[in-house]
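Just below is one structure, and these are the notes that go with it.
The values are calculated or read from the model by the stated rules, or taken from the named source; none is laboratory data. Given the structure is predicted, the values throughout are model-derived calculations rather than measurements. Don't worry about glycine lacking a Cβ; one is built from the backbone with ideal geometry, like all the others, and counts go over all protein chains shown. These accessible areas exclude ligands, DNA and RNA; they are computed on the full protein's heavy atoms, side chains included. Shrake-Rupley method; radii C 1.70, N 1.55, O 1.52, S 1.80 Å.
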Amino acid sequence: MRVRRLAAQAFAVFALGLEGAWEGVWAGNPIVVLPDGRRVEGREVRAAADGTIILILPEGARLEYPKGTRVIMDEPVAMGQALERMRKKEYDEAIRLLQGIVEQYRFLGWDLKALKYMGLCHVEIGRWDEAIRNLDAASEGAADLTSDEAMRVGLARSLAGLGRRDRLDPLLDEMVRKGTRREAAAAQVIRGRVRLENGDIEGGLFDFMRTARFFREVREWVPEAAWRAGETLERMGKPEQSLEFYRQAGQYPESEFGVRAKTRLEKGS
Amino acid sequence: MRRGLLLLSLAIVLAVPLHGQQAPAGSSIADPLLEREFEFASGLIHKLKMPDLAERVMDRIEMEYPTLRERTTVVRAEAMIERRRFRQAEELLATVPKDSPKAQAILLALADGYFMAGEREKTRAIYADFFNRHTNAVPTDPDVRRFFRDAAYKFSQMLAMANDPLAAAGMYDRIFPLLGPDDRDALRQLKLEQAELLLRAARGLPAGKERESLIRKARANSDEVVWGGMDLWFGRAVAALAHVELLEGNEDKAIALLNKNMEMLRKLDERLSEAGLVSESPYAGALSLLGRIHKDRGDFLTASREVREAEALRFLERAAGEFEELWSLIARVAQRDAAILDRAAKEKTTVTLPGTPEARQEPFLRFLESARQFERVLLELESGDGWTPAVADRKNKLKERVQKLIQTADSFDKKHGVSPQPDLLPGEKFAGFVEMERGRNHVALEEKRLELALSHYAEALRRYYGVFSGYPGTDWSQNAGEAIDRIKSRVKELTGKEVTIEAREGGREKIARVVLREGHNLFSRKEYEKAIEQYLKGLNDFPEGEEPLAALGNLLECYARVSDLLSLRVTAEYLAERFGGNPLAAQAFLRVGRYFFEQNNRDLYLFLYERYLEGFPEHPSAAEILFMLGEQRWKVEDYEGAVVYYRRLVERYTKTPRYLQSLNRIGWAYYLRGDFPRAVEGFSRFLADAQAGTEKAQAKLCLADAYRQMGAYADAFQHYAELTGWLDNKGGAFSTSIEALRKNEEIHQQAFFYLGYCKMLMAGAGEAGAASRKEAIAHLRRFVETYPKSTLAPTALSTMGAILLVEGRSDEAAAVYQELATQYPQSEAGQNARLAMLRSLIEIQRLEKAEEVLQEMLREADRYPADQFLRAGILFQDRGRHEAAARAFEASLKRMDALTEGVRRGDVEQRVLMALGQSRLALNRPAEAAEALRRLIEEYPRSPFFFEARFLLGRALRGAGSLKEATEVLRDVFLRATDQRLITRATTELAELQLAQGDRDGALASYQRIVLLSKPDDPVIRPFYQKALYESVRLFREGGRWDDVVENANRFTSEFPHAGGAEEVRRWRSEAILRRTTGGSGS
């Protein structure tokens, strides 16, 4: 009764036996969250083709909510599987699983997460266009994803891959100035690469050096930054100064840049 | 005033460091007031930091009481010392008798001042001399005793800081006799401090009597303090006693002592923390000591074989000592028991000793078993790797000692047994076993030793980290930090692995804070390289926050100080970008920018200020910095460069005081460069918001003048009229002072004059303009009547005459010129009426009429001296009428050929020939120009036009195609010129000639000479420098010399960032950077 009252006070449309075109999935323990924060628990939830959310209540009644209404539900099993594949770097398989989630959970929230991870997979295999498409779609659907660290880094990498400076430059600027530490480190390295490609050797060097020196806690990006700083210094005819950075990169033997650095040091000594 | 001063002095709590309560000689009932004046002055210096005011007080006192000069000198010396003018303080000291208490007081104050300034040697010299004068004296006067005691204490601290603990400890012996019965607490503190100094001194000495004596005294002092009460000094005394034990090799006793008192020390620590005195905590000392003990143990276990064997033997010998002591106890008790039984037997009484017969034998058995075990251990050690020959003797003696002990115990009469007591039975914790085991460990297999060592190191690190993070900013923390580094290095050396610290939540940050603070300490001591290390280490774990930001700012300065410019730039970019808008970061830029500014390193201060402006545009000083940068360019007359900064300021900082000033500067910059349209823009904006005053009036005048120069006479007229309206009212808002009145008067005159002038120029031709011309004449007449003494009055009359001429009113014109000649005979216009007429006509833009006048003059050439034709020619030449100018010059030459008496032909002819050359060249008649100039050069070898004529001749010859001859002419310049400006100009001309001749390398060399040897700040040289740099980049690029392209391009963009060609140069530089790494060649 309470649920019904809630539904009446909200903007739900109460419909019995309404058959409309719908897509959706039976999802465990779905909860619809209303704009004022109240929650409505159901047994099943689906989404119509136009994005209308249909919640089946435990006693069988059915409520409808407009597109964009927030839905909470258990994580799809396929999501965990996809993430596992990602960890193993089996990106194509992960994409396949994520695509399934996107289709099955369209408008239900998990589709956006799946889009995000699909985008990240595409980033890893260098499919920049698709990566951008997926990441943009994910962030358009969920405001919180626009500031998602992994997404911003992935987006920056993809834009750099495509040379889309119009979008890349402001994004990198934002990440460097106001992003998290990881974002800033990533943005600096990406910007450094772009600068080098465009002949701004000094600018590139500064980005690499500052990442290597001041962002040591971001282990994901420091080996590359250190390696590139060393390499750039060597190109500029400063081999003594390059050694500091090669040694730093060499402290990360698990990274390809660490291996390169060690080889370089051995060759030089 | 005096009353006010006294009231003020009563309100201030003052220190009286030097000049006690001594009344001045010949003083009267005003003495207490005088004393207060001295106290007040001293307070001004020490409390309020206003030494200047204090000196004024002394000036007044000295005037009123000349006999008090010695006392006022003391205060003056204090003021000098406060301002760090030590030399002046010493000079003052020389005026006061050396042995006077006052002199001594100044002397010690000076020593303190030197100490604060870091001049340790001077400090020490002064104090040493002072105390040498008072070797045996113990003053009786209480004030002097106190003074002496304080001085002695201060000196002891200085000696301690200068790393002479023995001398520092010695000073305390001079202090003790000066303490009274009420100084019990002070005595405890001093005893303890002396003990600590003695221990420090002892550590630096080899084993021997001196060392032992110091340790003994330290122990005595510490015991005295320990038994005297439970306070801070108690805690430190415990730590001192532990140190004593360590120095005597009794590690375990040291540990036991510390552990026993640890809880008490921790409670003391809590109380001290609450009182904000954590740096004094003995708990930190105790922890550090424990850390040290464990570290030392680790070190010994991993030391070389010789060291380990010596240490092993030390422990084994101590073990032997423990066994001997135990046996001695067993034997004594057994002998006592035997004696009891003997007595009973003699007395025929019965006595039962404790324990069963078996129990009574047990101590003997256990002892022998243990001793034999010890012997076996020794044999094992011998039969294993054995001992090195170096310790053979010692080892053998030990073996004998143990064997002898076993024999003694074996052969002892045991029939009565011995009363079983726990202390006679060696258990697991028996000291002999512990020492024995320790000895064995030192010669154990490497693996075992390493394992033990690592556990000691871990324990040491635990203790040290506790100190390091718990006591930031203290010496404890610093020493602990250093110890941690040493241990980590050692562990890495032994195991090849880095030590990682698993800190609890917030632990890493806490440690990092301490590291950063250590960095600050090093920074403040100017140990920049070490500070850099600490900062980078700390920032690793604590990269963002207020403390890291302060560290980054200091790091920036460190890089500047050690001249690591690459790191400086990297850090600056990071700081400005990531922390943009943060005032702390902004301050760092200003500080380091200032550092380079004072060094006149333009490249770097510009770089830093630009980063500052990018990163912190809202910072309160941003407008000031922009203005300052503009002023820097203004000073060297680089108006174009200056305007860039002023524009940036006015675009962004409209609400700052510099906004208006910048607008004014912009107007002036363009005005001075002759860019009148932009000058109008600049002045207009300024005038819209400026307050009434001379500056505004001046700007208005320049605005009007700019319009006039542009030929916009109506606009000029309007502004002149407004201006005169402002200034007509002499008591108005524009007249803020007498000086302003005077300047306004000058401005008014000019405006008033040009009103008439513009009126005339606005007049249309013919009848249509007659009314305006009439008004102009009337106005100019009014001007002459109002300002008869003005320097513009002759010009006004001359202009009137010209207008009348144009009107065809020749008689009136003649009358005016007559008036001109009569009223202003000294003026140029007065002296040469026809010339004045000509000038006026040219000025009012009636050039054709002017040429008519010239023609008239030429027709009557005999009537005019050569110099008048010269001046007429120059007037035409200035307006670009070179044909007329050339005719005038030629006429002048003809007149000179006729040679009129009184004409100094030399001067005039030189000028004529020079000007004729210029005009002919302007008329594109280079051969004729060259003819005139050659004549000048040949006939006047010492002419003031020596250089200018050659420059011009060179150009004329180039124009005529005689390049070789042109080069020869320049050679003269090089041979004779000493002025760098001339040389630079000649070099530029030479370079152009060389290029014209296809000699690119020659031209490049010439341009590079300018680049390398010229001073670009010289406003005359600057344009040549710019050209030389630009051409150098261009030519280097053509030659594929990329490194040179980059170097010269950098200079260009640094000096002329916004000049024409700057973008092109930047593109060339980027290209060169790429090319030089890929080996491409130029196009």
Is segment B:176-188 home to any residue that is open to solvent by 40 Å² or more (accessible area, probe 1.4 Å), in contact with a helix residue (DSSP H, G or I) (Cβ under 7 Å, 6 or more places away or on another chain) and not hydrophobic (A, V, I, L, M, F, W, C)? no
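Scanning for something within 14 Å of chain A (Cβ to nearest Cβ), buried (at least 18 other Cβ atoms within 10 Å of the Cβ) and without any contact (Cβ under 8 Å) to a residue 60 or more places away in the chain, does segment B:1010-1027 turn up at least one residue?
Just the residues of segment B:1010-1027 that are within 14 Å of chain A (Cβ to nearest Cβ), to begin with: none.
Scanning segment B:1010-1027 turns up no residue that is within 14 Å of chain A (Cβ to nearest Cβ), buried (at least 18 other Cβ atoms within 10 Å of the Cβ) and without any contact (Cβ under 8 Å) to a residue 60 or more places away in the chain.
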Residue within segment A:174-192 that is over 25 Å from B:F616 (Cα atoms) and surrounded by fewer than 21 Cβ atoms within 10 Å (Cβ to Cβ) present: no
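For segment B:325-333, check the following and say yes or no: at least one residue is surrounded by 14 or more Cβ atoms within 10 Å (Cβ to Cβ) and of a type in the set (D, E).
no
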Which one is nearest to A:T232 (Cα to Cα) among residues in segment B:1062-1081 that are within 36 Å of the chain's Cα centre (by Cα) and within 13 Å of chain A (Cβ to nearest Cβ)? B:I1073
Assigned to a loop (DSSP other than H, G, I, E, B), open to solvent by 50 Å² or more (accessible area, probe 1.4 Å) and small (G, A, S): is that true of B:A207 in this structure? yes
Give me the residue from segment A:144-159 that is of a type in the set (G, A, S) and within 11 Å of A:A131 (Cβ to Cβ) and, out of that set, surrounded by the most Cβ atoms within 10 Å (Cβ to Cβ). A:S158
Within segment B:903-918, can one find any residue that is in a helix (DSSP H, G or I), farther than 26 Å from B:A956 by Cβ and not acidic (D, E)? no
The lone condition B:A1059 fails out of (1) modelled with pLDDT under 90; (2) open to solvent by less than 40 Å² (accessible area, probe 1.4 Å); (3) more than 12 Å from chain A (Cβ to nearest Cβ); (4) over 33 Å from the mean Cα position of the chain (by Cα) is (4)
Return the pair list, or none, for Cβ contacts closer than 8 Å from residues in segment B:335-346 that are free of Cβ contacts under 8 Å to residues at least 12 places away in the same chain to residues that are of a type in the set (A, V, I, L, M, F, W, C) and open to solvent by 50 Å² or more (accessible area, probe 1.4 Å), at least 6 apart or on different chains. B:A344/B:V351
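Does at least one position in segment B:455-478 carry a residue that is within 14 Å of another protein chain (Cβ to nearest Cβ) and over 24 Å from the mean Cα position of the chain (by Cα)?
no
Of all residues in segment A:214-228, count the ones that are within 13 Å of A:E254 (Cα to Cα), of a type in the set (D, E) and part of a loop (DSSP other than H, G, I, E, B). Lay out the reasoning, then the answer.
So the first thing to find is which residues in segment A:214-228 are within 13 Å of A:E254 (Cα to Cα), and the list is A:219-224.
Within this subset, residues satisfying the condition of being of a type in the set (D, E) are A:220, A:224.
Add one more test, that the residue is part of a loop (DSSP other than H, G, I, E, B), and what stays is A:220.
Adding up the residues that qualify gives 1.
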Inter-residue pairs, beta-carbon under 8 Å, first over 9 Å from B:S919 (Cα atoms) and in segment B:871-883, second in a helix (DSSP H, G or I) and open to solvent by 30 Å² or more (accessible area, probe 1.4 Å), 6+ apart: B:G873/B:R887; B:L875/B:R839; B:F876/B:E851; B:F876/B:H882
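Only one residue in B:K497, B:K530, B:K526 is open to solvent by 50 Å² or more (accessible area, probe 1.4 Å), more than 14 Å from every other protein chain (Cβ to nearest Cβ), assigned to a loop (DSSP other than H, G, I, E, B) and not hydrophobic (A, V, I, L, M, F, W, C). Which one?
Numbers: B:K497 fails: more than 14 Å from every other protein chain (Cβ to nearest Cβ); B:K530 fails: assigned to a loop (DSSP other than H, G, I, E, B).
After applying the criteria, what remains is B:K526.
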All-but-one check, B:V570 against (1) within 14 Å of chain A (Cβ to nearest Cβ); (2) touching a residue at least 12 places away in the same chain (Cβ under 8 Å); (3) touching a helix residue (DSSP H, G or I) at 6+ places or on another chain (Cβ under 6 Å), failing number (2)
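Within segment A:239-251, which residues are surrounded by fewer than 20 Cβ atoms within 10 Å (Cβ to Cβ), more than 8 Å from chain B (Cβ to nearest Cβ) and not hydrophobic (A, V, I, L, M, F, W, C)?
A:P239, A:E240, A:E244, A:R247, A:Q251
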Hey, could you check segment A:214-228 for residues that are in contact (Cβ under 8 Å) with a residue 24 or more places away in the chain, open to solvent by 60 Å² or more (accessible area, probe 1.4 Å) and within 14 Å of another protein chain (Cβ to nearest Cβ) and say which is farthest from A:A186 (Cα to Cα)? A:E217
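What about A:Y117, is it within 24 Å of A:G68 (Cα to Cα), crowded, with 19+ Cβ neighbours inside 10 Å, outside the structural domain of A:I54 (by TED's automatic domain parsing) and under 14 Å from the mean Cα position of the chain (by Cα)? Talk me through it step by step, then tell me what you get.
Working: within 24 Å of A:G68 (Cα to Cα): yes; crowded, with 19+ Cβ neighbours inside 10 Å: yes; outside the structural domain of A:I54 (by TED's automatic domain parsing): yes; under 14 Å from the mean Cα position of the chain (by Cα): yes.
Criteria met by A:Y117.
Condition first: surrounded by fewer than 16 Cβ atoms within 10 Å (Cβ to Cβ) and part of a helix (DSSP H, G or I). Now tell me which residues in segment B:292-316 satisfy that. Spell out how you get there, then give the answer.
Residues of segment B:292-316 that are surrounded by fewer than 16 Cβ atoms within 10 Å (Cβ to Cβ), as a first pass: B:296, B:304-307.
Of everything in segment B:292-316, those that are surrounded by fewer than 16 Cβ atoms within 10 Å (Cβ to Cβ) and part of a helix (DSSP H, G or I) turn out to be B:D296, B:R305, B:E306, B:V307.
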How many residues of segment B:250-276 are within 16 Å of B:V467 (Cβ to Cβ) and under 44 Å from the mean Cα position of the chain (by Cα)? The answer is 7
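Does segment B:753-765 contain any residue that is modelled with pLDDT under 85 and open to solvent by 30 Å² or more (accessible area, probe 1.4 Å)? Walk me through how you get there before you give the answer.
Of segment B:753-765, the ones modelled with pLDDT under 85 are B:763-765.
From the residues that got through so far, the ones that are open to solvent by 30 Å² or more (accessible area, probe 1.4 Å) too are B:764-765.
The answer is yes; a qualifying residue exists.
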Return yes or no: is A:G163 within 11 Å of chain B (Cβ to nearest Cβ), open to solvent by 10 Å² or more (accessible area, probe 1.4 Å), more than 30 Å from B:K497 (Cα to Cα) and small (G, A, S)? no
Could you check B:A977 against (1) buried (at least 21 other Cβ atoms within 10 Å of the Cβ); (2) more than 14 Å from chain A (Cβ to nearest Cβ); (3) modelled with pLDDT under 90 and say which number it fails? (1)
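Looking at segment B:47-58 only, could you name the residues that are open to solvent by 60 Å² or more (accessible area, probe 1.4 Å) and under 11 Å from B:A79 (Cβ atoms)?
First, the residues of segment B:47-58 that are open to solvent by 60 Å² or more (accessible area, probe 1.4 Å): B:47-50, B:52-53, B:56.
Listed by number, the residues that qualify are B:K49, B:M50, B:D52, B:L53, B:R56.
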